Each structure stands twice: as C-alpha cells, then as structure tokens.
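Below is one structure, written out as structure tokens, with a few remarks after it.
The values are calculated or read from the model by the stated rules, or taken from the named source; none is laboratory data. Keep in mind the model is a prediction, meaning the values are calculated, not measured. Methodologically, a virtual Cβ is constructed for each residue, glycine included, from the backbone with ideal geometry; neighbour enumeration extends over all protein chains shown. The area values use the complete protein model at the heavy-atom level, side chains included, leaving out ligands, DNA and RNA. Shrake-Rupley method; radii C 1.70, N 1.55, O 1.52, S 1.80 Å.
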Amino acid sequence: VQSNICSSVPFRNRLLEFRRSTLLKSFSECPNSTYMWENYADSHKGMRITYDFSKLDNNILKHFYPVQYTNEHFTCQKPMELQNTPYLYLRKTRKWKEEQEWRFVYLDNVERTIPLTDCIKEVCFGIRMDDLYRDSIISAVHRIHSNIRFSQATVSSKDLSKDKR
C-alpha cells in the first residue's frame, strides 16, 4: 500500500502551523441564496451583513481573492517545501460554486483584524431569527452607526427577497 505523503504527520503539522498564522474570512457575492441561508445562517436563524468595500484602503483590498471552483484535487510533490500562500485557501469543489465566494487571506499573524465597521451597509435578518435577539442587534448597531439599513428576509418561491423594516 502506497502512503500519501500529503497526509503525513509532518505535513499536517505544517498545515496547522499555516492555519495558526493565517487570518481567513469568507464573503459571498450572492446575497439571497436559499442555500446560503440554510447552511450558513443556521436555517434562517442568523443574519446576512452586506458590505461596501469601496471604502477600504488598497493595502487591505489586495488581500481579497476570488475562490476558484474545480473538482481537481490539490496535490503536492514535496510537501515539506510547501510555503504558506493565499492560493492554498482559494480552491473549492464545484458543488460550492453558487456561493460566488471571495476570501480575505492575511498571512501575517501580527495583523488579526479587518476594519469593516465603516463598510457595513445593511443587516438582513433570517426568517427564523428570534425577535428579542434581532431587536438587541438593531439596538447595538444603532449605538455605533445610524446609517445602516435593516431588512427581514422572506421566502418567495426558490429565492429570498427583502421586506424593509
């Protein structure tokens, strides 16, 4: 039986080291996907935040990358020579293509935040979010920013649309 060097303990340890020193955040271009609401918003109990990244500095924007969707598996011939690079975090199988995902990848473990507060444009609540939880979020956000829009998702055939609150 031939062993896969990419699944060896030293290689896995190296990947864990990469993960500890990497800040990774995912964003989707697809705001009203039923699939996204069901899988990432706890079956509509969560919320979606819409951002306007045009206000971000270019030094931050250069860390955003589109995810590539392919069914080709990652292979490595010399795993111990593998370097931590954003491209390690940008591949997913085609079944996830509907996400239209972008990832923020920061490889320096010194910087651990992305200043997105001023980029928030809208908060859309899932159809099953607890009312008290929703109201406390609205109250907290209003204390920080008064120009953020709030909306409530509704189910309409296969798509989700928004009813303004």
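Of everything in the stretch 100-120, what is surrounded by 14 or more Cβ atoms within 10 Å (Cβ to Cβ), in contact with a helix residue (DSSP H, G or I) (Cβ under 7 Å, 6 or more places away or on another chain) and either of a type in the set (Asp, Glu) or part of a helix (DSSP H, G or I) (or both)? Give them in sequence order. Once the filter is applied, which keeps residues that are surrounded by 14 or more Cβ atoms within 10 Å (Cβ to Cβ), in contact with a helix residue (DSSP H, G or I) (Cβ under 7 Å, 6 or more places away or on another chain) and either of a type in the set (Asp, Glu) or part of a helix (DSSP H, G or I) (or both), the stretch 100-120 yields only Cys119. Checked against (1) surrounded by 13 or more Cβ atoms within 10 Å (Cβ to Cβ); (2) under 25 Å from Thr113 (Cα atoms), Asp52 passes all but a single condition, namely (1).
Considering only residues that are open to solvent by 30 Å² or more (accessible area, probe 1.4 Å) and not in a loop (DSSP other than H, G, I, E, B), which ones fall in the stretch 28-49? If the condition is that a residue be open to solvent by 30 Å² or more (accessible area, probe 1.4 Å) and not in a loop (DSSP other than H, G, I, E, B), then Ser28, Thr34, Tyr35, Met36, Glu38, Asn39, Tyr40, Met47, Arg48, Ile49 are the ones that fit. Close contacts from the stretch 2-25, counting a first residue that is at pLDDT below 75 and a second that is open to solvent by less than 70 Å² (accessible area, probe 1.4 Å), with Cβ to Cβ under 6 Å and a gap of 6+ residues or different chains, come to Ile5/Pro79; Cys6/Cys76; Cys6/Pro79. Screening Arg103, Arg48, Arg14 for residues that are under 25 Å from Ile148 (Cβ atoms) and touching a Leu at 6+ places or on another chain (Cβ under 8 Å) leaves exactly one candidate, Arg103. Taken over the stretch 75-99, the criterion of being part of a loop (DSSP other than H, G, I, E, B) and without any contact (Cβ under 8 Å) to a residue 60 or more places away in the chain is satisfied by Gln77, Lys78, Gln83, Thr85, Leu90, Thr93.
Scanning the stretch 121-135 for residues that are open to solvent by 30 Å² or more (accessible area, probe 1.4 Å) and either assigned to a strand (DSSP E or B) or of a type outside the set (A, V, I, L, M, F, W, C) (or both) gives Lys121, Arg128, Asp130, Asp131, Tyr133, Asp135. One residue stands out among those in the stretch 71-90 that are loosely packed, with under 10 Cβ neighbours inside 10 Å and more than 12 Å from Phe11 (Cα to Cα): the one that is modelled with the highest pLDDT, which is Asn71.
Of the residues in the stretch 61-74, at least one is hydrophobic (A, V, I, L, M, F, W, C) and in a loop (DSSP other than H, G, I, E, B). Does Ile138 satisfy being hydrophobic (A, V, I, L, M, F, W, C), open to solvent by less than 80 Å² (accessible area, probe 1.4 Å), touching a Phe, Trp or Tyr at 6+ places or on another chain (Cβ under 7 Å) and modelled with pLDDT of 90 or more? Yes, satisfied. Taken over the stretch 71-110, the criterion of being hydroxyl-bearing (Ser, Thr, Tyr) and within 19 Å of Cys30 (Cα to Cα) is satisfied by Thr93 alone. Residue check: Lys25 meets all listed conditions (1) in contact with a Lys or Arg (Cβ under 9 Å, 6 or more places away or on another chain); (2) part of a loop (DSSP other than H, G, I, E, B); (3) open to solvent by 60 Å² or more (accessible area, probe 1.4 Å); (4) of a type outside the set (A, V, I, L, M, F, W, C) but one, namely (2).
Reported count of residues in the stretch 55-70, each being without any contact (Cβ under 8 Å) to a residue 24 or more places away in the chain and open to solvent by less than 80 Å² (accessible area, probe 1.4 Å), is 1.
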